[in-house]
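First up is the structure itself, then whatever we jot down about it.
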Amino acid sequence: MYGLPPNTLINKSLFKKVVFEKFNLKAVERDRFDADISRMALAARVSSATVPALTKGKEIEGFYVLEVVLKRKDYDSKNILMLQKLIPQKLIFALQFEEQTQFCIFHTRLQQSVWMPTDEATITLQGLTLDDVWNNIVATIGGLDAQAEESIEEQIIQREQLEKLLRQIESLEKQCRTEKQTRKKYELHQQIIKLKEKLK
C-alpha cells in the first residue's frame, strides 16, 4: 500500500462517532464532516520499529498514514484540519475519491498534492532519520524543494506571500477593468506595476 514496507501496515478503522464525541461537535459541524467523509482508517505506522533502517529523529519518532475515503472531491479542508487536531500524531492523509488519491500533510499549514490515480500514489521514505524522511515527504506533497538553501518552513512562508501578492494583483486588475474615472484607473495601474515589481 502506497509503496510502504509491509511491516508498516496496520489498517485500523477510525469511526466517525469517535470524532463527533471527542470534539463535541455541533449538528452543523457533524453534517459538514459527514457530507465529506465516508470512512477512515489508520493505514500504516512508519517508525524505527516498523522500518529498522530508519533512526529516530530529533523531532520525529514516527508518523501515521490516515486513509480517508471521501464522498466528494471538493471537500472542506476544515474537516482534515479537525482530524489533525483529533489525533495528536504526525499524519499523512491519503484522501481517496473513486479511483484517485490526494496526499495532504500539515506542516505550518495544510500542504496538498495533486490528485493522482490511486494505483500510482506512493509515499517514498527517503532519508536516514525520520526527521529527514518527514521533511522529504512534506516537500514532495507540498511541491517544495527539500534540497534548497531555504528551510521547508521558509519556502512555505515565501509561497504564501507570493500567493497573497498574486491575489492582490488579480483584485486590482479587476478593479482597473471596471473603473470609469481615468485618474483612478491610472492610480490602480500604478499600484499593479509596483506589486508586479515585487514578484521579480
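The values are calculated or read from the model by the stated rules, or taken from the named source; none is laboratory data. This is a predicted model, so every value here is computed, not measured. Every residue, glycine as well, gets a Cβ built from its backbone with ideal geometry; the counts of neighbours run over all protein chains shown. Areas reflect the complete protein model, heavy atoms only, side chains present, ligands, DNA and RNA absent. Shrake-Rupley method; radii C 1.70, N 1.55, O 1.52, S 1.80 Å.
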(request) Output the residue which, of all residues in segment 11-27 that are part of a strand (DSSP E or B) and open to solvent by 80 Å² or more (accessible area, probe 1.4 Å), is modelled with the lowest pLDDT. (result) ASN11
(message) For segment 88-126, which positions are free of Cβ contacts under 8 Å to residues at least 40 places away in the same chain and under 25 Å from SER48 (Cβ atoms)?
(response) PRO88, GLN89, LEU91, PHE93, PHE103, CYS104, ILE105, PHE106, GLN126
(request) Scan segment 45-71 residue by residue and report those that are in a strand (DSSP E or B), surrounded by fewer than 17 Cβ atoms within 10 Å (Cβ to Cβ) and of a type in the set (A, V, I, L, M). (result) VAL69
(request) List every residue pair whose Cβ atoms sit under 9 Å apart, with the two residues 6 or more apart in sequence or on different chains, where the first one lies in segment 159-170 and is closer than 15 Å to ILE193 by Cβ and the second, anywhere, is hydroxyl-bearing (Ser, Thr, Tyr). (result) none
(message) Conditions first: (1) among the charged types (D, E, K, R); (2) open to solvent by 80 Å² or more (accessible area, probe 1.4 Å); (3) in a helix (DSSP H, G or I). ARG159 passes all but one, so which condition is the exception?
(response) (2)
(request) Kindly provide the set of residues from segment 120-139 that are of a type in the set (D, E, K, R) and in a loop (DSSP other than H, G, I, E, B), ordered by number. (result) none
